[in-house]
Amino acid sequence: QVQLVESGGGLVRAGGSLRLSCVASGRTFSRYAMGWFRQAPGKEREFVAGISWSGGSTHADSVKGRFTISRDNAKNTVYLQMNSLKPEDTAVYYCASSNSRTPGMTSTQYDYWGQGTQVTVSS
């Protein structure tokens with residue numbers, strides 16, 4: 001049974017920072033790519049960032065230069081460092097485990113999901 005548990009969400013003012021964490025269990029973490037997605041009220045879930053099994057990363061244009069995904073395979077953990085947060089970053093953020101070694105940008109390329117953590121950015 002694969003489990004992904006996110007933490008680190010909260011309320012922050014615009015311009016502030018948060019770091020999300022996601023701890024994985026039930027699968028050989030280091031073999032698979034991981035990703036972060038988000039879903040704002042009334043909108044579809046969207047890709048935020050992904051990281052390959054070896055650490056290569058990709059970020060959505062909307063967060064490039066502000067967010068950074070990273071992973072620690074020894075701790076079975078993936079992180080999302082979010083800086084210069086904007087009100088439009090407000091969403092529920094989901095961690096996901098891919099079914100391949102390279103990160104895709106669509107939700108269908110991920111087969112396990114966390115429960116989500118709320119990020120709210122006030123103006």
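The values are calculated or read from the model by the stated rules, or taken from the named source; none is laboratory data. Since this is a predicted model, take the numbers as computed values, not measurements. With ideal geometry, Cβ positions are generated from the backbone for all residues, glycine too; neighbour counts draw on all protein chains shown. Protein only, heavy atoms only, side chains kept; ligands, DNA and RNA dropped before computing areas. Shrake-Rupley method; radii C 1.70, N 1.55, O 1.52, S 1.80 Å.
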Inset, instruction - Please find, within the range 89-99, the residue that is nearest to Ala14 (Cα to Cα) out of those that are open to solvent by less than 10 Å² (accessible area, probe 1.4 Å) and not hydroxyl-bearing (Ser, Thr, Tyr). - result: Asp89
Inset, instruction - Go through the range 62-88 and count every residue that is open to solvent by 50 Å² or more (accessible area, probe 1.4 Å) and of a type in the set (Asp, Glu). - result: 1
Legend entry - Pair list, Cβ < 6 Å and 6+ apart or interchain, from the range 107-123 residues that are within 9 Å of Val92 (Cα to Cα) to residues that are open to solvent by 70 Å² or more (accessible area, probe 1.4 Å): Thr120/Leu11
Legend entry - Single unsatisfied condition, Pro103 versus (1) modelled with pLDDT under 95; (2) touching a Cys at 6+ places or on another chain (Cβ under 7 Å): (2)
Legend entry - Check on Gly15, free of Cβ contacts under 8 Å to residues at least 24 places away in the same chain and not acidic (Asp, Glu): no
Legend entry - Those residues of the range 43-61 which are modelled with pLDDT of 95 or more, open to solvent by 60 Å² or more (accessible area, probe 1.4 Å) and small (Gly, Ala, Ser), in sequence order: Ser57
Legend entry - Wholly within the range 17-106, strands (runs of 3 or more DSSP E) carrying at least 3 residues that are within 11 Å of the chain's Cα centre (by Cα): 18-25, 34-39, 46-51, 67-72, 77-82, 91-98
